[in-house]
Amino acid sequence: MGKKKIKTHQATSKRFRKTGSGKIMQTKGHKSHFRRRRSKRAKREYQRMQEVKGTAQKRRIKKLAPYLDR
């Protein structure tokens, strides 16, 4: 009898990606609402992914999506 498989939290797996170097990247929220009043530069920033900085946040993501790097 082996270990049980851990279920991946689907919302977490859709929001985060892992790079080849091991960084966890996240998409930004607030993309669709009230974008008329934002500058072009600010809207362009929404297209990029940003690195997750917090250690506690990284730990939680790894717990919720253990197979993220596969």
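Bear in mind that the values in this text are calculations on the coordinates, not laboratory data. Quick caveat, the model's predicted, so the values are computed rather than measured. Cβ coordinates were reconstructed from backbone atoms using ideal geometry, including for glycine residues, and neighbour counts include every protein chain displayed.
Determine which member of the set S32, S13 is under 11 Å from the mean Cα position of the chain (by Cα) and among the hydroxyl-bearing types (S, T, Y). Among S32, S13, only S13 is under 11 Å from the mean Cα position of the chain (by Cα) and among the hydroxyl-bearing types (S, T, Y).
For region 39-60, the criterion of a residue being touching a helix residue (DSSP H, G or I) at 6+ places or on another chain (Cβ under 7 Å) and charged (D, E, K, R) is satisfied by no position. Taking region 24-37 as the range and being closer than 10 Å to M49 by Cβ and charged (D, E, K, R) as the test, only K28 passes.
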